[in-house]
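What follows is a single structure, written as structure tokens, with notes after it.
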Amino acid sequence: MKSKACLLILFLAPIAYADEPCVQPDLHAAAMHVKTIQTRLLAFKLQSEQDESVPVPLQAEIRAFKDSLSLFADAKLQCAPAIADPKLIESGLANLLEANKSEKNEVYDPSKPPQLDHIYGDWITVKVAAPANPPNILLVEFGFGIACGSDSVLLIFERQHGRWGQRMRWQSGGYDEVSGAFGDFLQYQIVQQRNSATWLLAVAHGEPWCTSRWSGFHLDVLQPPAGSSPQQSLFQLTTGYIRFEIDPTMKLTSDGFQLRLETDSLDNDLMTRPGIFRYRISGKQVTRVQPIALNGRDFVDEWLKSPWSEAGKWSAQARLSNLETSHKKIATLKDPNAKETPNFTFGPVRTCSDSKLHFQVELDEGWWVEQQKDWRPDKPTFFEIQEGKNSFTMLSASGQPDQHCTGPDIMPKQ
């Protein structure tokens with residue numbers, strides 16, 4: 001995963017008040033303003049196919065392009081009816097911008113030089129959606145091409161006092177490398193607070209870059225402005241994910257939301273596995289809850305990768321001290337800043353004789369010995385877990401296998 005801090009900025013616009021008949025702004029003029037800036041972006045020429053740098057003049061053009069898209073959406077929605085059809089608004093925006101076009105399937109020709117211009121600002125996309133709850137909300141998403149990927153702008157409109165007005169604008173700050181863009185994917189949900197008219201925005205995006213499928217993603221939970229109170233960030237997460245494996249998806253749950261995507265595995269042989277990031281929201285509290293994995297081996301993997309503040313909640317309270325010691329030990333061994341890091345691989349996952357819901361997961365570790373050009377195995381750790389309803393509990397961690405856990409390996413590696 002490429003590590004790079006990404007500046008996130010929330011823009012706000014006041015909700016309009018409708019005391020007079022609405023005067024529709026000139027949509028063609030607003031669209032032409034977008035296209036004028038797009039033309040300047042398209043003229044920028046990359047140094048190479050893997051040019052990740054974003055020079056200062058280009059940064060300014062990207063900001064101006066996002067501003068123009070925001071103004072264009074404002075103009076379109078200013079006089080939209082109370083019961084607005086998202087698909088009709090989407091098609092209207094797309095037609096004026098010539099957006100949502102099918103990508104060209106180009107045949108690779110090694111005799112032709114790579115195309116290095118018409119990259120930034122190309123392939124504009126528009127999506128408009130209305131959540132089931134709360135009513136009177138429209139989400140407008142614009143996307144456009146940058147080197148090695150895409151960037152996005154998310155606008156949230158709310159109808160108050162008879163008019164649609166822009167309530168939130170979510171986009172990246174300025175970036176000098178493409179990994180600073182809100183690209184690769186953008187997933188979001190409006191989370192209706194239980195027994196309340198208030199709502200929150202849960203939104204996640206990836207980091208585009210040119211040279212690997214391993215990257216990072218950001219997950220945020222935001223509270224919109226209310227009265228004199230400004231917008232507020234309630235929760236932020238930055239961690240790694242695997243690009244191009246599966247499409248990241250976010251959906252609402254009964255008490256919050258869940259994001260699923262491909263993430264990295266502690267096991268260097270497996271390399272990747274499905275990742276589940278499920279959160280419960282209560283007031284302003286955002287708490288990760290189970291399920292965090294699809295199976296017992298992945299649970300052990302995620303338990304070891306998660307901070308102890310979370311992992312401790314998924315552990316047997318009677319053995320919390322010993323489990324914390326084991327958790328810290330693995331965290332120290334896999335610290336990327338350590339002089340040497342071991343090679344972790346999962347061994348057999350065995351059933352235990354006392355219960356069909358009791359399992360033992362073996363984690364092996366070894367060290368690369370440069371002088372011998374070979375791996376030196378180290379002592380394995382045996383984790384015992386208990387399966388529950390859509391959950392697992394970490395029971396113990398030991399350097400010795402449990403004599404009651406000698407069942408067949410239920411997750412043999414292919």
Run the simple label-point estimate for Met271 and Ser228 please: 7 Å along Cα→C-beta, distance reported in nm.
5.7 nm
Count, lysine Cα pairs under 29 Å in the range 195-338, 8 or more residues apart or across chains:
12
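Among Lys45, Lys379, what is the fewest-to-most ranking by other Cβ atoms within 10 Å?
Details: Lys45 12, Lys379 8.
Final ranking by Cβ density, sparse to dense: Lys379, Lys45.
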Residue (of Ile89, Trp214, Phe157) at the positive-pole extreme of the chain, dipole from beta-carbon charges
Phe157
Sort the following peptides by mean Cβ neighbour count (other Cβ atoms within 10 Å, averaged over residues), highest first: 137-148, 330-341, 233-244, 58-69.
137-148, 58-69, 233-244, 330-341
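Loop only by DSSP, 16 or fewer other Cβ within 10 Å of the Cβ. Give me the GluC sites (Glu not before Pro) in the range 203-306 that pass, ordered by residue number. If you can, show how the numbers build up before the last one.
Working: sites: Glu245, Glu262, Glu302; in loops: Glu245.
Filter output for the range 203-306: Glu245.
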Can you tell me the dipole magnitude for the range 224-283 around its Cα centre, using point charges on the Cβ only (Lys, Arg +1; Asp, Glu -1), in Debye to the nearest 20?
320 debye
Residues meeting the amide H criterion for Tyr241 (H placed from the backbone, H to H distance under 5 Å, 5 or more places apart or on another chain) are Ser215, Gly216, Phe217
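Let a ≥ b ≥ c be the square roots of the eigenvalues of the Cα gyration tensor of the range 295-414; is it rounded (a/c under 1.5), or, if not, prolate (a/b larger than b/c) or oblate? Numbers along the way, then the final one.
On the way: a/c = 2.12, a/b = 1.35, b/c = 1.57.
In terms of gyration-tensor shape, oblate.
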Pairing the Cα long axis of helix 56-77 with the longest principal axis of the chain, what angle in degrees results, from 0 to 90 and rounded to the nearest 10?
70 degrees
Just going by the charge dipole of the range 315-398, with Lys and Arg at +1 and Asp and Glu at -1 on Cβ, which of Pro348, Gly366, Phe392 is farthest out on the positive end?
Phe392
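Let's test the formula: R0 of 35 Å, r as the Cβ-Cβ distance of Asn343 and Asp255. What FRET efficiency results, to the nearest 0.05?
Working: r = 39 Å, r/R0 = 1.12.
Efficiency computed from Cβ-Cβ geometry: 0.35.
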Positive end of the charge dipole of the chain (Lys, Arg +1 and Asp, Glu -1 on Cβ, about the Cα centre): tell me which of Phe142, Phe277, Gly180 has its Cα farthest that way.
Phe277
Where trypsin sites (Lys or Arg not before Pro) fall in DSSP loop in the range 168-240, at most 12 other Cβ within 10 Å:
Arg194, Arg213
What is the dipole size for the range 288-358, taken about its Cα centre, with +1 at each Lys and Arg Cβ and -1 at each Asp and Glu Cβ, in debye to the nearest 20?
80 debye
Using a cut-off of under 15 Å, list every residue of the range 121-156 whose amide N is near the label point 7 Å from the Cα of Asn390 along the Cα-to-beta-carbon line.
none
Taking neighbour counts of Cβ atoms within 10 Å as a proxy for exposure, in what order, fewest first, do Trp303, Trp170, Trp308, Trp314 appear?
Trp308, Trp314, Trp170, Trp303
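Charges at C-beta only: +1 for Lys and Arg, -1 for Asp and Glu. How large is the resulting dipole of the chain about its Cα centre, in Debye rounded to 20?
It comes to approximately 940 debye.
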³J(HN,Hα) across the range 195-206 via Karplus (A = 6.51, B = -1.76, C = 1.60, θ = phi - 60°), whole Hz, x for Gly/Pro?
6, 8, 7, 7, 9, 10, 10, 9, 8, 9, 8, x
For the range 8-289, inverting the pair-averaged 1/r of distinct alpha-carbon atoms gives a Kirkwood value in Å of 20.1 Å
How tilted is helix 320-333 with respect to the longest principal axis of the chain? Cα atoms for both, answer in degrees (0 to 90, nearest 10).
70 degrees
With a point put 7 Å past each Cα toward its Cβ, work out how far Gln50 is from Asp409 in nm, to one decimal.
3.6 nm
Cα axis of helix 27-42 to longest principal axis of the chain: angle in degrees, 0 to 90, nearest 10?
50 degrees
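Just so you know, all these numbers are worked out from the coordinates, no wet-lab data involved. Keep in mind the model is a prediction, meaning the values are calculated, not measured. Because the Cβ atoms are built from the backbone with ideal geometry, glycine has one as well, and the counts that use them run over all protein chains shown.
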